[in-house]
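Structure first, then comments.
Read-outs throughout are calculated quantities, based only on the coordinates presented, and are distinct from any laboratory measurement. Remember, predicted model here, so these are calculated numbers, not experimental data. Every residue, glycine as well, gets a Cβ built from its backbone with ideal geometry; the counts of neighbours run over all protein chains shown.
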Amino acid sequence: MPQKPPAPSFEDLLDSAQRHALHQELRDVYAVGEEAEVYDAFLEDGSVPADDSVFWGGWLPLVERTVARGVKVRRARIVSEPVIDYIRFEHAITDANLRAGEQVRWLPRRRASTPALPGNDFWLIDDQVVRWNIFSGDGQALEPDHTEDPQAVKLCAESFRSVWDLATPHAYYRI
């Protein structure tokens, strides 16, 4: 059996987008190593990383250039309430995503019972390709996966649109 090629990078994915790049987050905690220092600082004193900090790496410029081409970059987060510290951290740093051009909405998990939800976080690019973000039980990022399977694409497109319609825009979501 031929080995599946690795999932495309975020840069390749967003550079390929022509209409939209949709990101759905389902977890309440992500234990991504590069966040540890800024997360600890946030817990200590509420500080958030500057837009030009190493923390953001090339993410914000990538989003800016994607949005400048007319691509809509949207992120929908499904969160448990009351929120935990990690979600408070995500909420606090989201202003940088917005300044880069992302649109972000929040959906309390208690309101997420009716949309069909895939088992993993994902990026959906132009209703053509899904990049699955895979995490361990404790939130560590694992090797991502991807598919162009029409059923998976359809599930993610319908899920995202349902969640987006139910969710609250960042400016109005209070934690």
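What to note about this one:
- Across the options Leu62, His170, Ala41, the greatest Cα extent toward the positive end of the charge dipole of the chain (unit charges at beta carbon of Lys, Arg, Asp, Glu) belongs to His170.
- Principal semi-axes in Å for the chain [√(5λ), Cα gyration tensor, largest first]: 24, 19, 17
- Sequence-distant contacts, meaning Cα pairs under 8 Å at least 6 residues apart, place the relative contact order of the stretch 36-175 at 22 percent.
- For Gln103, the residues whose amide H sits under 5 Å from its own are Val73, Arg74, Arg75, ignoring neighbours fewer than 5 places away on the same chain, with H placed 1.01 Å from N.
- The simple Förster model, with R0 at 25 Å and r as the Cβ-Cβ distance, assigns Gln128 and Asp52 a FRET efficiency of 0.20.
- Given 13 as the ceiling on other Cβ atoms within 10 Å, longest exposed-site-free region of the chain for trypsin sites (Lys or Arg not before Pro) in DSSP loops: 70-173
- Here the stretch 10-172 is treated with +1 on each Lys and Arg Cβ and -1 on each Asp and Glu Cβ, and its dipole about the Cα centre works out to around 940 debye.
- Positive contributions from Lys and Arg (+1) and negative ones from Asp and Glu (-1), summed over other residues with Cβ under 11 Å from the Cβ of Leu13, come out at -3.
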